[in-house]
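**Student:** A single structure is presented below for examination.
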Amino acid sequence: MDRPGALAGLRTTLAGFASARLDGAPGWCVALSGGADSLALTAAAAAVRPTTALIVDHGLQPGSGSVALTARQQALDLGCVAAQVIRVEVGSAGGPEAAARTARYAALGTARAGAPVLLAHTLDDQAETVLLGLGRGSGSRSIAGMRPCDPPWYRPLLGVRRLTTVAACAELGLTPWNDPHNHDRRFTRVRLRTEVLPLLEEVLGGGVAEALARTAAALREDTDALDAMAEQNLVTARAGAGLAVAAVNDLPEALRRRVIRAWLLDGGAAGLTDRQIRAVDALVSAWRGQGGVAVSWGVRNTRLFAERRGATLTLRSEPV
């Protein structure tokens with residue numbers, strides 16, 4: 001029987017998460033970097049269900065291949081049924097962090113072979129994400145942080161502090177990889193972790209990370225409810241491929257913008273910003289004959305525009 005401790009607590013957390021969120025999945029994958037969070041998650045996951053470790057080697061640092069192979073062996077020693085190292089090429093779009101994340105998720109999405117993937121984001125990561133959203137002023141959707149379940153991605157440790165994962169690795173006698181990027185002050189998230197959050201904890205008397213995580217959970221509930229209402233309104237507001245202005249004009253602003261966002265996404269938009277959505281909303285709520293609004297989408301060498309034609313919003317694309 002496991003003695004009470006960090007690892008035993010993580011196993012209990014994983015078992016409860018599996019029962020509530022992944023009842024039909026016989027096995028799962030874990031995204032393993034070799035750091036304390038993902039190592040602890042791998043250990044707990046392997047004790048609950050058959051686990052395959054997926055180790056992405058971004059090739060961005062000297063010795064990354066050796067780090068990946070060490071993580072692979074640790075995964076097998078922890079009881080994983082399989083462990084795979086995936087080498088990726090990281091582009092440059094969106095900056096180094098975003099480019100690495102894009103490459104990583106694409107590789108994990110291919111390698112998972114239809115299985116759910118557990119990600120080792122902790123409560124501390126969630127708090128940092130909320131602060132990033134606040135700083136960018138990108139609305140409640142960003143401040144709502146990461147979802148526990150966003151199939152095929154699952155985050156069972158969002159209620160667990162980073163100190164717990166470090167303690168679990170110590171109980172197992174594991175030496176986690178200490179990513180130098182986690183101490184590089186060029187990255188905003190590193191400064192939030194090492195400077196901003198500790199200062200907030202000191203000034204506000206502690207409990208800040210937990211409070212930020214609770215804020216994210218509450219906002220996710222509100223956002224999910226409004227998104228469901230928006231989808232219902234979108235059904236009646238459609239005018240072919242367009243959006244009938246009269247059907248959304250009198251909706252509350254928060255709901256109307258969500259209808260517009262859902263319509264834009266259905267039309268192929270991606271990576272929408274709050275500013276873009278508000279500009280398209282102005283074609284409904286502040287119409288003065290203005291021209292179309294360029295919105296983000298994933299097709300190279302073309303631009304996507306939302307514009308108003310009479311009583312309907314429409315989308316059109318044109319080559320750059």
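The values are calculated or read from the model by the stated rules, or taken from the named source; none is laboratory data. Here the structure is a predicted model, which means the values were calculated and not measured. Here the Cβ positions follow ideal geometry from the backbone for every residue, glycine too, while neighbour counts run over all protein chains shown. In case anyone asks, the SASA skips ligands and DNA or RNA and just uses the protein heavy atoms, side chains included. Shrake-Rupley method; radii C 1.70, N 1.55, O 1.52, S 1.80 Å.
**Student:** By how many nm would the segment from Ser19 to Thr194 lengthen if fully extended, with 0.36 nm per residue of separation less the alpha-carbon distance? Don't skip to the end; give the middle numbers.
**Tutor:** Values: separation 175, 0.36 × 175 = 63.00 nm, distance 3.51 nm.
Between Ser19 and Thr194, full extension yields 59.5 nm more.
**Student:** Something else about it: Looking at the chain only, what percent of DSSP beta bridges run antiparallel? Nearest 5 please.
**Tutor:** Of the beta bridges lying entirely in the chain, close to 55 percent run antiparallel.
**Student:** So what is the 222 nm mean residue ellipticity for the chain from helices alone, if each DSSP H run of at least 4 adds -39500 (n - 2.57) and you divide by all residues, rounding to the nearest 500 deg cm²/dmol?
**Tutor:** After summing the helix terms and dividing by residue count, I get -15500 deg cm²/dmol.
**Student:** How much accessible area per residue does the chain have, counting only protein heavy atoms and a probe of 1.4 Å, in square angstrom?
**Tutor:** Using a 1.4 Å probe on heavy atoms only, each residue of the chain averages 50 Å².
**Student:** Counting other Cβ atoms within 10 Å, keep those with at most 15, restrict to DSSP loop, and tell me which trypsin sites (Lys or Arg not before Pro) in region 164-269 are left.
**Tutor:** Those that pass, being in a loop and sparsely packed, are Arg185, Arg186.
**Student:** About its Cα centre, how strong a charge dipole does the chain have in debye, to the nearest 20, once Lys and Arg get +1 and Asp and Glu get -1 at the Cβ?
**Tutor:** 760 debye
**Student:** If I stretch the segment between Gln73 and Ala254 completely, what's the gain in nm (0.36 nm per residue apart, minus their alpha carbon distance), one decimal?
**Tutor:** Working it through step by step, the gained length comes to 60.2 nm.
**Student:** When only Cα pairs under 8 Å and 6 or more residues apart are kept, what is the percent relative contact order across the chain?
**Tutor:** Result for the chain is 13 percent.
**Student:** Taking the Cα centre of region 112-157 as the origin, how large is its charge dipole in debye, to the nearest 20, when only Lys and Arg (+1) and Asp and Glu (-1) carry charge on their Cβ atoms?
**Tutor:** For this selection, approximately 180 debye.
**Student:** Output ³J(HN,Hα) for region 186-193: one whole-Hz value per residue in order, computed from phi by the Karplus curve 6.51 cos²θ - 1.76 cosθ + 1.60 with θ = phi - 60°, and x for Gly and Pro.
**Tutor:** Residue by residue, region 186-193 yields 5, 8, 4, 4, 5, 5, 4, 5 Hz.
**Student:** Continuing with the same structure: At a 1.4 Å probe, what is the % contribution of carbon and sulfur to the accessible area of the chain? Show your work: numbers first, answer last.
**Tutor:** Values: 8550 of 16090 Å².
After summing per-atom areas, the C and S share lands at 53 percent.
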